[in-house]
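Some notes on the structure that comes next.
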Amino acid sequence: MRQPIAASRPGCLRVTEEYLCLEGEGSSLGAPTWLIRLSGCDLRCWWCDSKQSSFFEAEAREQSAASLASRALKSGAAWVSLTGGEPLWRGARELAALASLLKRLKAAGRKVKVETNGRHWLPALDPLVSLWSVAPKWDSRKAGAARRSPAMDYDLAALKALAQGPGCQGRLQIKFVITGDAQGAPKARDLAQARSLLKSLVPLHAGVPVYLTPAGGLPGADYLQRNRLLNDAVARQARLWSAWDVRVAPQWHRVLYGDERKK
């Protein structure tokens, strides 16, 4: 089983990049945000758009929680987004540093979003997080049980804990990345898998937004076309989605900047 690379110094996190941006997706869309991209991920999603932090870790640099908090606060952004990679896939030393960072940000009045695949639910961090953005994964290239593998998988128990905790407190959003064919049409098995997972999370609080977004950076149809076709497909299936607060939405930074980094 893959293990995270350990930070060599206590109080430090392994960081690929950090920068000021406008949030490109989800319920905080458009909000000025200081993004901290942590290095390392337990999954290997074939459509991943941040392989520089997930597959490869050559750009990782150890940064102290104090210095990370200082730069986030100096940015002036009300939101701080922790993403990756997988920000919760850390060894004990880094998890302690992560808790220290979150405490500093909360004490300064910042709102913190954690973007996670939902496989590593850590209740001790929950009071320090303003918004959990959870994106369960599976391999859409395969059928049946083969869709779940060490490379692409989810943890149903952890997802249920998130749904029954932050989900009942207005601090959870769920995102499903929908892949498509060469013409850009969304794969029916992805849409069916997303609905199946949502049904497994009953009772999911009615106020939890569920975002469906097309995978980017794929060959064939351009990103806007993938969005149009996903929009049309979900509109045709509206009755199938009526039990949840489902929203079809692109990654706005991808619409504006394509694959350009630090946007």
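The values are calculated or read from the model by the stated rules, or taken from the named source; none is laboratory data. The model shown is predicted, which means the values in this text are computed figures rather than measured ones. As a convention, Cβ positions derive from the backbone with ideal geometry for all residues, glycine included, and neighbour counts pool all protein chains shown.
Restricting attention to the stretch 125-137, the residues being part of a loop (DSSP other than H, G, I, E, B), in contact with a Leu (Cβ under 8 Å, 6 or more places away or on another chain) and closer than 14 Å to residue 172 by Cβ number 2. Against the definition (of a type in the set (A, V, I, L, M), in contact (Cβ under 8 Å) with a residue 40 or more places away in the chain, within 20 Å of residue 143 (Cα to Cα) and crowded, with 21+ Cβ neighbours inside 10 Å), how does residue 177 come out, yes or no? Yes, satisfied. Residue count for the stretch 103-124, restricted to those that are assigned to a helix (DSSP H, G or I), within 21 Å of residue 31 (Cβ to Cβ) and out of contact with any strand residue (DSSP E or B) (no Cβ under 6 Å at 6 or more places or on another chain): 3. Looking at 91, 85, 109, 144, which one is in contact (Cβ under 8 Å) with a residue 24 or more places away in the chain and at positive phi? Residue meeting the stated conditions: 85. Within the stretch 50-90, the residues that satisfy the criterion of being in contact with a Pro (Cβ under 9 Å, 6 or more places away or on another chain) and either assigned to a helix (DSSP H, G or I) or farther than 13 Å from residue 13 by Cβ (or both) are 75, 76, 77, 78, 79.
Within the set of pairs 6+ apart or on separate chains, which have a first residue in the stretch 44-67 that is surrounded by 15 or more Cβ atoms within 10 Å (Cβ to Cβ) and of a type outside the set (Val, Ile, Thr), a second that is modelled with pLDDT of 90 or more and part of a helix (DSSP H, G or I), and C-beta atoms under 7 Å apart? Here the result reads 65/97; 65/100; 65/101; 65/104, each pair linking the stretch 44-67 to a residue that is modelled with pLDDT of 90 or more and part of a helix (DSSP H, G or I).
Exactly one residue out of 207, 167 is of a type outside the set (D, E, K, R), part of a helix (DSSP H, G or I), more than 27 Å from residue 2 (Cα to Cα) and at pLDDT below 90, and it is 167.
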